[in-house]
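Presented below is the structure to which this report refers.
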Amino acid sequence: MDREEDYAMLNENQLSEIKKLQEVCETFDGIELKLNWDMLRKRETGLKQDFFLYEHGELIAFAAIYGFGNKAEICGMVDPAYRRRGIFSQMLGDAINEARKLEYQKILLNAPAKSDSARMFIEGTSAVFLIAEYQMKWEGGTLLDSSDVSLRPSRDEDFDLEVQLDVDCFGYKRSEAERYRKQLNADHQSAYCIIEHKGTAAGKVRIWEEDGEAWIYGFAVTPKEQGKGIGRKTLAVIIREQTQKQNKIYLEVEAENTYALKLYETCGFKTYDAQDYYLVH
């Protein structure tokens with residue numbers, strides 16, 4: 001078996017191999033893996049984040065580190081024909097060690113909630129369940145008038161606002177938020193937007209589009225502007241724009257975030273799947 005670790009942006013051949021292995025695993029297990037394709041397509045050169053294992057020239061196992069401010073998420077997969085050989089245990093150990101070198105304060109293992117094999121594997125480690133995250137899809141519904149809310153592309157001068165939103169709304173330390181914002185360099189598939197309410201900056205959101213899908217990430221409204229319906233109106237703006245493009249619309253929310261969950265449900269989003277996260281000690 002040949003092991004590879006990637007320190008650079010992934011090339012198209014590698015991305016194709018990952019996609020092929022993902023399809024094999026998802027079909028076999030009846031699940032959906034969360035591989036954060038927007039991040040895989042925009043890797044930062046010089047960081048060891050991706051781990052490959054080949055046999056006879058075929059990719060049989062893959063794991064990846066995804067950095068989000070002060071935490072790292074690790075997700076991976078092994079071809080069903082090569083499981084129960086200790087392959088992923090070694091690969092996971094390598095990924096955890098690398099995440100520690102990168103000084104992430106929290107390291108989380110991500111697994112589809114429906115995956116019995118993933119749950120059994122994690123139960124054999126020292127990781128403990130932390131949170132569940134719902135994956136939601138917009139299924140239609142009445143949209144609010146959103147004429148006083150608009151989205152515009154993020155600009156360099158919005159950096160401090162975006163950092164402060166990550167601090168206020170996602171619990172990052174300022175240094176962590178600054179590091180994270182610098183990692184999120186815009187690419188051709190993601191739109192980094194500032195939410196404006198009556199002409200004043202009131203929040204941020206990131207929209208990733210690919211293959212007829214639009215995913216909503218990093219959605220936050222400044223504390224002083226909360227409670228004014230801006231979040232619901234922003235969703236209405238996004239839904240109108242994406243349905244015109246004939247894109248299906250998705251987002252993710254922590255199961256314990258009841259306020260956000262209710263907001264999304266009242267806007268027509270319905271839960272279709274879930275991901276579990278386990279904290280590595």
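Data table
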read-out: Test for Glu98: is it open to solvent by 10 Å² or more (accessible area, probe 1.4 Å) and either in contact with a helix residue (DSSP H, G or I) (Cβ under 8 Å, 6 or more places away or on another chain) or free of Cβ contacts under 8 Å to residues at least 24 places away in the same chain (or both); value: no
read-out: Which numbered condition Arg84 fails, given (1) under 21 Å from Ile31 (Cβ atoms); (2) open to solvent by 20 Å² or more (accessible area, probe 1.4 Å); (3) not in a loop (DSSP other than H, G, I, E, B); value: (3)
read-out: Some residue of region 97-117 being more than 17 Å from the chain's Cα centre (by Cα), farther than 25 Å from Asp38 by Cβ and outside any helix (DSSP H, G or I); value: no
read-out: Any hit, region 151-158, residues being within 20 Å of the chain's Cα centre (by Cα) and surrounded by 15 or more Cβ atoms within 10 Å (Cβ to Cβ); value: yes
read-out: Scope region 123-134; condition buried (at least 17 other Cβ atoms within 10 Å of the Cβ) and either farther than 14 Å from Ile74 by Cβ or free of Cβ contacts under 8 Å to residues at least 24 places away in the same chain (or both); matching residues; value: Glu133, Tyr134
read-out: Within region 243-259, considering residues that are free of Cβ contacts under 8 Å to residues at least 40 places away in the same chain and within 21 Å of the chain's Cα centre (by Cα), the one most open to solvent (accessible area, probe 1.4 Å); value: Tyr259
read-out: Residue in region 211-220 that is at positive phi and open to solvent by 50 Å² or more (accessible area, probe 1.4 Å) present; value: yes
read-out: Residues of region 28-47 that turn out to be over 24 Å from Ala81 (Cα atoms), open to solvent by 50 Å² or more (accessible area, probe 1.4 Å) and under 17 Å from the mean Cα position of the chain (by Cα), as a count; value: 3
read-out: Selection status of Met120, open to solvent by 70 Å² or more (accessible area, probe 1.4 Å) and of a type in the set (A, V, I, L, M, F, W, C); value: yes
read-out: Candidate set from region 48-81 (those that are assigned to a loop (DSSP other than H, G, I, E, B) and touching a residue at least 60 places away in the same chain (Cβ under 8 Å)); member that is most open to solvent (accessible area, probe 1.4 Å); value: Asn70
read-out: Neighbours by Cβ (under 8 Å, 6+ apart or cross-chain): first from region 12-25, more than 12 Å from Glu58 (Cα to Cα); second in a helix (DSSP H, G or I) and open to solvent by less than 70 Å² (accessible area, probe 1.4 Å); value: Leu15/Leu40; Val24/Pro80; Cys25/Pro80
read-out: Filter pass, Ala61 being closer than 19 Å to Ala95 by Cα and out of contact with any Pro (no Cβ under 8 Å at 6 or more places or on another chain); value: yes
read-out: Meets criteria (closer than 23 Å to Ile239 by Cα, touching a residue at least 12 places away in the same chain (Cβ under 8 Å) and not in a helix (DSSP H, G or I)) for Leu144; value: yes
read-out: Breaking point among (1) modelled with pLDDT under 95; (2) in a strand (DSSP E or B); (3) over 17 Å from the mean Cα position of the chain (by Cα), for Leu263; value: (2)
read-out: Criterion violated by Gln164 - all others in (1) of a type in the set (S, T, N, Q); (2) open to solvent by 70 Å² or more (accessible area, probe 1.4 Å); (3) touching a residue at least 60 places away in the same chain (Cβ under 8 Å) satisfied; value: (3)
read-out: Selection status of Gly227, at pLDDT below 95, under 30 Å from Arg100 (Cα atoms) and open to solvent by 30 Å² or more (accessible area, probe 1.4 Å); value: no
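The values are calculated or read from the model by the stated rules, or taken from the named source; none is laboratory data. All of these numbers come straight from a predicted model, not from anything done at the bench. All Cβ positions, even for glycine, are placed from backbone atoms using ideal geometry, and neighbour counts span all protein chains on display. These accessible areas exclude ligands, DNA and RNA; they are computed on the full protein's heavy atoms, side chains included. Shrake-Rupley method; radii C 1.70, N 1.55, O 1.52, S 1.80 Å.
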